[in-house]
1. So which residue, out of GLU33, GLU195, GLU62, gets the largest mean-square fluctuation from a GNM of the chain using Cα contacts under 10 Å as springs?
2. Distance from the Cα centre of region 74-153 to that of region 154-194, in angstrom?
3. If you plug each phi of region 167-173 into the Karplus form 6.51 cos²θ - 1.76 cosθ + 1.60 with θ = phi - 60°, what whole-Hz ³J(HN,Hα) values come out, in order, with x for Gly and Pro?
4. Of GLY169, GLY185, GLY227, which has the largest mean-square fluctuation in a 10 Å C-alpha GNM of the chain?
5. Could you check the simple spin-label distance between HIS184 and SER12, using points 7 Å along Cα→Cβ, in nm with one decimal?
6. Just subtract the alpha-carbon distance of ALA59 and CYS215 from 0.36 nm times their residue separation and send over the number in nm, one decimal.
7. Sticking with the crude label model, points 7 Å out along Cα→Cβ, report the distance from ALA82 to ASP168 in nm, one decimal please.
8. Using just the helices of the chain, give the 222 nm mean residue ellipticity in deg cm²/dmol: DSSP H runs with n ≥ 4 each add -39,500 (n - 2.57), and the total is spread over all residues, rounded to 500.
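Read the figures in this text as sums done on the coordinates, not as results from a lab. Worth saying up front: this structure is predicted, and the values here are computed from it rather than measured. Here Cβ is always computed from backbone atoms with ideal geometry, including for glycine, and neighbour counts include all displayed protein chains.
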Amino acid sequence: MKLTPMHHEHLSMGATMEERSGWLRPSVYTSVEDEMERAKSSVGISDISPAGKLLVQGAGAERLARKFLGGIGELQVGRALAGSRESGDGETFPVAVCPLAPEEMFVTCPPERRNSLVEALNAELAGVVNDNQTIVLDVTSSYAGINIAGPRSPDLLSKLTDLDLHPDGMPNLSSVQGQLAEVHGVLVRWDRGEEPGYNLYVAREYGVYVWEVLCDAGEEYGLAPVGVEAHRRLIGGAAA
């Protein structure tokens, strides 16, 4: 059973925990309805650390992402792309690709699909002649992930970063690297319908610190921690 970096934070906030995809995660803090309402009206944060997180690095990184991860479109640094991948059981699952540099792709997927995706990517690389410089690294446990979403989420993040969060500067499906609360991270804008949303990834050792800073800074907005059940409903039932 794996624990996210913020595990003890969830316990201290009164979360009811449950096992999902091999991780012990906060199912609910108060009630699903209350968490959804507060996230829709103000801002909510969710622990998404269990999401599969991969780094594809090397000269063939872009080729591999374009060919293999759901036929996604043109890749460019600063733009996240949503694709899909068919699993061995015939189902498709979402995959997001964030080019951090021309030869470095940050890839996320549902927790339960991580191992199979790593194996498939490596199998694809093994069949490519003269490509011994492209590698796939599973960095799932190296990064904490936090989803910040709701109408006040840009206000909250603006208190903690100098990054340009205006829709003109960072529209939906943008990705940037920068400082937030003086911690380096990857920030991906991922709107939920008309509501702005962001996925923030920081080194595991900073997960608790960033979670606490977000909670403190969001107190004036009525920030709510959002459990897995509410988060799943808010994003339309997709695996979180």
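1. Result for the chain, Cα springs under 10 Å: GLU33 fluctuates most.
2. Between the Cα centres of region 74-153 and region 154-194 lies a distance of 20 Å.
3. Coupling constants for region 167-173: x, 5, x, 9, x, 4, 6 Hz.
4. Judging by the Gaussian network model, the answer is GLY169.
5. 2.7 nm
6. Working: separation 156, 0.36 × 156 = 56.16 nm, distance 4.02 nm.
In short, 52.1 nm is gained.
7. Result: 2.6 nm between the two label points.
8. Details: 7 runs with 61 residues, N = 240.
Calculated mean residue ellipticity at 222 nm is -7000 deg cm²/dmol.
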